[in-house]
Amino acid sequence: MRPVNDEFDPLTEEELRRLQEDEEFRRRVRREVLRMQSGDADTDIERDREEQRAEEQEKSREEAKQRLKRSRLFWQLFSGNILLNRSVKEHYGYLVAIAVMCVLSIFVMFSALYADLRYSQVEREVQLVRERSIRLQEQLYRRTTHQAVRDELARRGINLQDPHKPKEVLEE
């Protein structure tokens, strides 16, 4: 059995596709040239420009409204007239509660900082008192050793005699 299509086609599939795309492009260009010559393209271009201008104007109006709204809100906050706004009146109690909690938290924070500072100062003072106590104990020990007592009594002319009994350890 022989194949039905015996023709030899010198063009490859890629070349055929490229030729079809070129033909489609030429048709579009011819159509656009005809539109330009008839004046339809000018009206389309003018209509597109008008639509673009209208969109820009609408956008600028929206931006102006937003700016005005924000400036009004700022002025209302600054002047205190925001309390006349009905939606704010409904939530004013919550705003006051939040403000009170903020002030209270700031007060608690500074109180804690002051207490910490005072604790550090007292801790330093206690350390100094301990050091002084240790120094005084050392001086007392140096002055009250057996040899120091014996030397002091000898200087005064008093003889010190050790007890004749053996020393006993007292148990408690």
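A few notes on this one:
- For the condition modelled with pLDDT of 90 or more, open to solvent by 100 Å² or more (accessible area, probe 1.4 Å) and closer than 30 Å to ARG28 by Cβ, GLN52 qualifies.
- Pairs, first modelled with pLDDT of 80 or more in the range 15-39, second surrounded by 10 or more Cβ atoms within 10 Å (Cβ to Cβ) and in a helix (DSSP H, G or I), C-beta under 8 Å, six or more apart: GLU32/ALA41
The values are calculated or read from the model by the stated rules, or taken from the named source; none is laboratory data. Note that this is a predicted model, so its numbers are computed, not measured. Backbone-built Cβ (ideal geometry, glycine too); neighbour counts: all protein chains shown. Note: areas computed on protein heavy atoms with side chains; ligands, DNA, RNA excluded. Shrake-Rupley method; radii C 1.70, N 1.55, O 1.52, S 1.80 Å.
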